[in-house]
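First up is the structure itself, then whatever we jot down about it.
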Amino acid sequence: MNGLPDSDTATVYVAIDDAADNATLLALLSTAGLRTRAMACAATFLAGERAAGPACLVLAADLGAPGGGLALQDALIAMQDPIPVVFISDHADVATSVRGMKAGAIDFLTRPFAEGVLLGAVGAALAKDRQRLARDRASTDVAERAQRLSQREREVMALVAAGRMNKHIADELGISEVTVKIHRGNAMRKMEARSFADLVIMAHKLGMTSPALYHGGIGRHRRETV
């Protein structure tokens, strides 16, 4: 299917204000097995609900002038909307193309172009969005696992991520090295860390590099509390 990623849940939004071009693009994308949604204007796209799953936006560079599609791209950036954009234009100049690409567009296609070129650009855009969704899911999974940790396990994990040795962690928390190892092992199991390095990476992703974040500061030589 022209190198496109699996499109079961992928959606391609098309914002082209020429009715004939719009119909042609929708037909081409649908033939490639992609779910499509036509947007009459920028406001419709910004206000509308999005389907779940990966998505991209095929956008006319001169849509709804002044500002055109670039104005919509600017609005998406201001809203921190990560949807990848593929621009299409009949007569884009170099400055317009460069501006769109610098702002993060996947491609800037000038008519006439081959169908395969458009499908390739859409495929790249959907692949990028799939990667983003996978990263978001991974971050959510890590955060959910962290909820399983006890207070002490969080402290130990934070100190481990800060580069402390077991004996230093024991001294700082006022517990034995054996207890530190137990808490570290529990943290690895609950976080489903495949290695010590994996645990450290997870801790940094969660911002768990300062134990003070979890209990208001650590005092030395406290009575051991597990």
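The values are calculated or read from the model by the stated rules, or taken from the named source; none is laboratory data. In this text, all values refer to a predicted model and were calculated from it rather than measured experimentally. We place every Cβ from the backbone using ideal geometry, glycine too, and count neighbours over all the protein chains shown. Areas reflect the complete protein model, heavy atoms only, side chains present, ligands, DNA and RNA absent. Shrake-Rupley method; radii C 1.70, N 1.55, O 1.52, S 1.80 Å.
Quick notes on this structure:
- Test for I182: is it open to solvent by 70 Å² or more (accessible area, probe 1.4 Å), free of Cβ contacts under 8 Å to residues at least 60 places away in the same chain, closer than 30 Å to P82 by Cβ and of a type in the set (A, V, I, L, M, F, W, C): no
- Summed over the stretch 90-120, residues that are open to solvent by less than 40 Å² (accessible area, probe 1.4 Å), in contact (Cβ under 8 Å) with a residue 60 or more places away in the chain and either of a type in the set (D, E, K, R) or within 15 Å of L76 (Cβ to Cβ) (or both) total 0.
- Complete set of residues in the stretch 149-175 that are outside any loop (DSSP other than H, G, I, E, B) and without any contact (Cβ under 8 Å) to a residue 40 or more places away in the chain: E153, V156, N166, K167, H168, I169, A170
- Residue within the stretch 44-56 that is free of Cβ contacts under 8 Å to residues at least 12 places away in the same chain, open to solvent by less than 50 Å² (accessible area, probe 1.4 Å) and on the phi > 0 side of the Ramachandran plot present: no
- Test: R37 is of a type in the set (K, R), touching a strand residue (DSSP E or B) at 6+ places or on another chain (Cβ under 9 Å) and more than 18 Å from D18 (Cβ to Cβ): no
- Odd one out for L63, checked against (1) closer than 23 Å to Q131 by Cα; (2) in contact with a strand residue (DSSP E or B) (Cβ under 6 Å, 6 or more places away or on another chain); (3) at pLDDT below 80: (1)
- Selected residue (criterion: least open to solvent (accessible area, probe 1.4 Å)) from residues of the stretch 66-83 that are at pLDDT 85 or above, in a loop (DSSP other than H, G, I, E, B) and more than 18 Å from A38 (Cβ to Cβ): D81
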